[in-house]
1. Find the residue count for the range 150-186, including only residues that are closer than 23 Å to LEU105 by Cβ, not aliphatic (A, V, I, L, M) and not in a loop (DSSP other than H, G, I, E, B).
2. Only one residue in SER22, SER16 is of a type in the set (Gly, Ala, Ser), open to solvent by less than 100 Å² (accessible area, probe 1.4 Å), in contact (Cβ under 8 Å) with a residue 12 or more places away in the chain and assigned to a helix (DSSP H, G or I), so which one is that?
3. Taking SER199, is it touching a residue at least 12 places away in the same chain (Cβ under 8 Å), assigned to a helix (DSSP H, G or I) and touching a Ser or Thr at 6+ places or on another chain (Cβ under 9 Å)?
4. I'd like the residue in the range 104-149 that is in a helix (DSSP H, G or I) and among the small types (Gly, Ala, Ser) and, out of all such residues, is most open to solvent (accessible area, probe 1.4 Å).
5. Name the single residue, out of those in the range 78-98 being touching a Ser or Thr at 6+ places or on another chain (Cβ under 7 Å) and open to solvent by less than 80 Å² (accessible area, probe 1.4 Å), that is nearest to ASP36 (Cα to Cα).
6. Determine, yes or no, whether SER98 is over 22 Å from LYS11 (Cβ atoms) and among the polar types (S, T, N, Q).
7. Could you check the range 187-196 and list, in sequence order, the residues that are open to solvent by 50 Å² or more (accessible area, probe 1.4 Å) and in a helix (DSSP H, G or I)?
8. Report yes if some residue within the range 57-77 is under 30 Å from LEU200 (Cα atoms) and open to solvent by 40 Å² or more (accessible area, probe 1.4 Å); otherwise report no.
Amino acid sequence: MELKVLNQEGKETGKSVVLNDSIFGVEPNDHAIYLDVKQFLANQRQGTHKSKQRNEVSGSTRKLKKQKGTGGARAGSIKSPVFVGGGRIFGPQVRDYSFKLNKKLKQVARKSALTYKAQSNQIIVLDSLNFETPKTKNYVAMLDNLKLTGKNLLFVVAESNKNVSLSSRNLQGVSVVTADTLNTYQIMKATSLVITEDSLALIDNILG
């Protein structure tokens, strides 16, 4: 697929790039995307949830009432889960939700996600992305020039740029990532994917 290269004013530069078919034109694997997104979201979970079991609840250990003759159920502990303030049955415990995936499977997932974006014409290629000073209004002006109005806009750059990061951080739904940290979840979530020309070469090296 061939795309025209635009500048920050939204105008054509006269150049064009050909997207690598081995990355942007593969047969999408939906299950690989599912697994990679599931792993990403699982790794974000802290897993610090915790409820007290009956052996952890504070309370007396004496028998509440005599075993027989009351006409009620046999109660042996105030910590029983059937009483208010007692322990919780099968409650959440601290755990680690993260799990590992094969490196090749993660590559297939990213290629599949990029292919979907290419097929739906949601990729824009910029010649460069830089600002002289960190100003949000400059970033907003660039979005207007590129006619980007989606809720989730993902900009992919070759290396981190302080002015770009500071200019975009106050804008809701706009993210800036480097090519080496690009993941499947971010790609699939984005309504438009804006890739700088130099970061395309890095993506080719990483996934090619």
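The values are calculated or read from the model by the stated rules, or taken from the named source; none is laboratory data. In this text, all values refer to a predicted model and were calculated from it rather than measured experimentally. Here Cβ is always computed from backbone atoms with ideal geometry, including for glycine, and neighbour counts include all displayed protein chains. Ligands, DNA and RNA are excluded from the accessible area calculation, which covers all protein heavy atoms including side chains. Shrake-Rupley method; radii C 1.70, N 1.55, O 1.52, S 1.80 Å.
1. Qualifying residue count, the range 150-186: 6.
2. None of the other options fit; the residue is SER22.
3. So SER199 fits the description; yes.
4. Restricting to residues being in a helix (DSSP H, G or I) and among the small types (Gly, Ala, Ser), the top hit is ALA141.
5. PRO92
6. Here the answer is yes, as SER98 does meet what is asked.
7. Those that are open to solvent by 50 Å² or more (accessible area, probe 1.4 Å) and in a helix (DSSP H, G or I): MET188, LYS189.
8. Within the range 57-77, none of the residues are under 30 Å from LEU200 (Cα atoms) and open to solvent by 40 Å² or more (accessible area, probe 1.4 Å).
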